[in-house]
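First up is the structure itself, then whatever we jot down about it.
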Amino acid sequence: ANFMGTWPIPADTPDTYTTYGNDATCKTQAFFVQLGIGAPFYTLCLSVYYYLVIVKDSRPNLILERCMHFVCLSFAFGTVIASLALDLFGYAKYFCWFSAEHDLFRWLFWFGPLWAIIAIVAVIMSIIYFDIVKQEKKQRRWKGVNDQGATTVNSNSGGTHNRENRNLRNITPRRSVRVSDSVKSQAFRYVGSFFLTWIFQTIARGMETAGQGDSVPYWLSLVGVTLLPSQGFFNFLIYIRPRYEQHRKRHPEVGKFVTFFRVNPLFAGCNCCHGVLRTIQSQRVWNRSAREGSLSEGGTSNNVANSDSIIDYNSQEEECESEQDSAEAGQVLNDDSSQEDVGR
């Protein structure tokens with residue numbers, strides 16, 4: 001609906017360009033624009049769900065999920081139906097929404113609930129982060145006491161277990177810090193994208209409500225309208241960021257552009273896309289060899305073959321990596337069990 005811009009606005013609207021619609025198209029656009037208030041409510045429900053699972057250690061509850069769907073859809077469709085019944089939709093400068101004479105409903109049905117949701121989501125993410133930090137501190141204290149007791153027992157029986165205890169003390173805190181830091185960065189990015197998407201549009205609409213609509217800067221209106229439909233795109237980038245960074249660490253020889261499409265779930269099963277990525281990587285290797293002055297017939301074929309091997313990795317490699325991770329985790333658990341046996 002936001003993509004349509006000013007097209008659905010009635011054609012006889014003064015001082016507005018590219019208007020080709022009528023009253024019916026205007027109300028249709030306003031219907032779908034207002035229906036979008038359900039998206040922030042779903043974000044709130046996801047935050048509450050994360051809080052219950054992570055902090056309260058609750059199990060997935062089908063009844064709770066249905067209640068969340070009911071709340072989100074009820075508010076979205078309820079405000080739309082009420083607006084149609086009260087004839088609140090009309091020309092709203094950038095697109096069709098609540099008309100200027102009904103701008104109070106913009107704050108009752110949209111901006112008021114929106115910023116309340118942003119504040120609640122920020123609080124919930126903070127609670128989740130501090131809960132994880134608290135659990136990490138407990139883990140470090142427990143690990144320190146356990147390692148200290150095991151070291152005292154093993155001091156008379158050689159240095160093998162002492163070395164294992166030192167390794168465990170060095171491994172566990174670093175892994176814990178990475179967990180809390182990753183949670184903090186992801187939460188900050190989600191809330192930040194939420195804030196960035198709506199702050200400019202809120203300021204512009206606030207100036208209109210205050211009777212200063214003619215003095216709204218053009219750049220503010222342009223940025224606000226541009227960012228308005230972008231929250232889903234920002235959330236998508238934030239969602240794939242951990243996978244992207246993990247892939248870059250495992251395969252540093254692969255370019256950033258190729259890595260982005262490789263971790264993109266939209267292109268996961270597209271053989272044509274993988275073929276294009278293979279061609280791009282081969283061209284990159286070719287160009288690098290040409291710049292280095294080492295381009296030859298044998299070198300060219302080897303470079304292209306290497307690029308194909310870089311791109312065309314299969315599930316066996318991923319399985320091997322997962323087996324290695326499982327083996328490492330198993331080794332840590334075995335060390336813990338042997339440490340407890342020695343302590344007893």
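The values are calculated or read from the model by the stated rules, or taken from the named source; none is laboratory data. Because the structure is a prediction, the values reported are computed rather than measured. Virtual Cβ from ideal backbone geometry, glycine too; neighbours counted across all protein chains shown. Note: areas computed on protein heavy atoms with side chains; ligands, DNA, RNA excluded. Shrake-Rupley method; radii C 1.70, N 1.55, O 1.52, S 1.80 Å.
Just the number, please: carbon plus sulfur as a percent of the accessible area of the stretch 24-90, 1.4 Å probe, no ligands or DNA/RNA counted.
Within the stretch 24-90, the accessible surface is 71 percent carbon and sulfur.
Report the label-to-label distance for PHE70 and ARG248 in nanometres (one decimal), using points 7 Å from each Cα along the Cα→Cβ vector.
With each label placed 7 Å out from Cα toward Cβ, I get 4.5 nm.
Using a/c under 1.5 as the rounded threshold, could you call the stretch 210-251 rounded, prolate or oblate? The axes a ≥ b ≥ c are square roots of the C-alpha gyration tensor eigenvalues, and prolate needs a/b larger than b/c, oblate otherwise.
Judged from the Cα gyration tensor, the stretch 210-251 comes out prolate (a/c at least 1.5, a/b above b/c).
Using 0.36 nm per residue of separation minus the Cα-Cα distance, give me the extension gain between ASN264 and ALA39 in nm, one decimal.
78.8 nm
Distance check, please: which entries in LYS56/LYS184; LYS56/LYS137; LYS137/LYS249 exceed 21 angstrom between their Cα atoms?
Check vs 21 Å cut-off fails for LYS137/LYS249.
Extension gain PHE236-SER185, at 0.36 nm per residue separation less the Cα-Cα distance, in nm?
Working it through step by step, the gained length comes to 16.9 nm.
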